Amino acid sequence: MSLFLRRGRTQIFFNQGCRAAHFLASPRDVLLLPTGRKSYHSSVATFSSSAEVTNGRFMSYAMLYHDSVAFLLSNQLGIPVFMAEDPKTPVDVAKEFNLSVRGASALMVTLCRMDVVKVVKDSDNSVDEILYGLTASAKTYLSDRKTSACVSPFIDTFQTNFITPDALLESCLKGDEKKDLMSEHLEQDDETVANNARHFMKHMNAQSYCCARALPKALGLERVNKPTTLLDVGGGSAIYTIEAIQSNPNMKGIVFELPAIKVITQEYIDEANLSDRVSVATGDFFKDPLPGSVDYVLFSNILHDWPDEINMNLIQKAYDSLNPGGKIVISELLLADDVKSSTPTSTSMNVIMLPYTKGRQYRPKELLRRLEKVGFTNPKVINLVDDYDLVIGTKS
C-alpha cells in the first residue's frame, strides 16, 4: 500500500517497511479492483475500464497536488505525534490544533487514503465521527521525531520550499548565470556552511535511513572476510558508513567531507562509538584527489546534484582511489531506461533537482556507459530498497 512520504525528493511516500511509493499514478501502477474498475494507488482515483478514453487521469494528476499539501500541513502541525498513543476523531484533532471539524475531517480522510491513519471505528452518520489510529508504519516513521527512523525532518524541507508552478518555471528558464541553491550554500563562509550542514544532515538522515540500513545486505558486506575499507564521498552524517561498518568487524570506513563539516561528521561517528573504525578525511572533491587504497567508493545522492562533466571527473577519481578489484557504488533514484516506465518518485526527484542543484536523475544505461568509459568492468544495477538502486562497477 502506498504511503505518502518521500524523495522523491514534492511528493514523497513509503508504504509499510518504508516502501518509497508514488504521488501521481503511472500506467504501470494501475490495479484492477474486484468491481472491474481501475484504481490508481489504493483508490486515489477510479476510472472506467471500458474502451472509452476519459480525462480522469489528467484531472487526478492536477488535484493530487492538494494531497501533498494536506500531508505537509499534517506533518507540520504534528498530527501523527498527537495520535501516537491513542486513536482520535476529527473532533479531537480539531480541538488540539484549533481547527474546524470540517477541516480536521478533510485532513484525516486524506491521511487515511495515504495509510498514515486507519479506521479504528467507523460511523455511518458522518466522517466527522470516525475514530482513526496511526498505522504501524506511520508510528515508526512519523510519530517520534527523536528517533533516527523519523522521516519528518525530510518532510519539513518541502514545507518551507514547496515548488509552485511559478517557481518551477523560474528554474526551467534559460540562463547560465543563475546559481542553484546547492552552489550558493557551498560558496558561503565556513561557519555558515557548517550551520547549513547541520540542518541538511538531519534532512538527509531522514531520507536515507532505510537506504543506509539496506546497504550492507545489498553489497554482501556481511560476508567480507578480510580487512576492507569503504570510502563515503560527501558522506555528511556518515549514516551509510556507520551501517556498513556495523555490519562486519572486518570493515573500516572513511568519510570524505569539507573541512568545515568535519567536526559535525565526527559527532555522528562518536555517537555511534565507531571513532576507532571510521575516520574523516577532509578536502574538496571538485579540486582534490580522493583518499586512496580503498575497496569501495560510495556516492550516495551525490551525482544527481551536479552536471555530467563534474560527475565524470568524480567517477574517474573513484577509479583512481580504488584498489584493483575494488568497486564504485552509486546510490540514486534512477529514471527508467525507457523513461516511460519511470516511477513517480524518480520523476518527481528529477523535477526537484531543477531549483536546488545543477544535476538531474540518470537512467541506468547512462551510468553504466559512463562507468565503462572510465574503465570499470562488469557494471550492473541492483535494487537497494524501494525505488532506490545501486549502480556498481569493478576496477580491473
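Numerical summary
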| quantity | calculated |
| --- | --- |
| Residue under evaluation residue 212, criteria (1) closer than 21 Å to residue 270 by Cβ; (2) open to solvent by 30 Å² or more (accessible area, probe 1.4 Å); (3) at pLDDT 95 or above, criterion not met | (2) |
| So residue 204, is it modelled with pLDDT under 65, among the hydrophobic types (A, V, I, L, M, F, W, C) and either within 17 Å of residue 234 (Cβ to Cβ) or not in a helix (DSSP H, G or I) (or both) | no |
| Members of the range 255-278 found to be within 15 Å of residue 195 (Cβ to Cβ), of a type in the set (A, V, I, L, M) and within 22 Å of the chain's Cα centre (by Cα), listed by number | 261, 264 |
| Top-ranked residue in the range 348-396 [being open to solvent by 60 Å² or more (accessible area, probe 1.4 Å), polar (S, T, N, Q) and at pLDDT 95 or above; ranked as nearest to residue 305 (Cα to Cα)] | 383 |
| Residue in the range 293-312 that is within 17 Å of residue 255 (Cβ to Cβ), of a type in the set (Ser, Thr, Tyr), more than 26 Å from the chain's Cα centre (by Cα) and open to solvent by less than 50 Å² (accessible area, probe 1.4 Å) present | no |
| Filtered residues of the range 316-347 (kept if over 23 Å from residue 288 (Cα atoms), part of a helix (DSSP H, G or I) and either open to solvent by 20 Å² or more (accessible area, probe 1.4 Å) or basic (Lys, Arg) (or both)) | 347 |
| Top-ranked residue of the range 267-283 - restricted to ones that are under 19 Å from residue 297 (Cα atoms) and polar (S, T, N, Q), ranked as surrounded by the fewest Cβ atoms within 10 Å (Cβ to Cβ) | 282 |
| Residue 109 vs. criteria in contact with a helix residue (DSSP H, G or I) (Cβ under 9 Å, 6 or more places away or on another chain), open to solvent by 20 Å² or more (accessible area, probe 1.4 Å), part of a strand (DSSP E or B) and modelled with pLDDT of 95 or more | no |
| Residue check, residue 242 open to solvent by less than 30 Å² (accessible area, probe 1.4 Å), more than 28 Å from residue 312 (Cβ to Cβ), modelled with pLDDT of 95 or more and under 25 Å from the mean Cα position of the chain (by Cα) | yes |
| Hits in the range 131-150 - residues which are among the aromatic types (Phe, Trp, Tyr) and touching a Pro at 6+ places or on another chain (Cβ under 8 Å) | 132 |
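The values are calculated or read from the model by the stated rules, or taken from the named source; none is laboratory data. No experiment lies behind these values; they were computed from the predicted model shown. No Cβ is skipped: glycine too gets one built from the backbone with ideal geometry, and neighbour counts run over all protein chains shown. We work out accessible area using only protein heavy atoms, side chains counted, and drop any ligands, DNA or RNA first. Shrake-Rupley method; radii C 1.70, N 1.55, O 1.52, S 1.80 Å.
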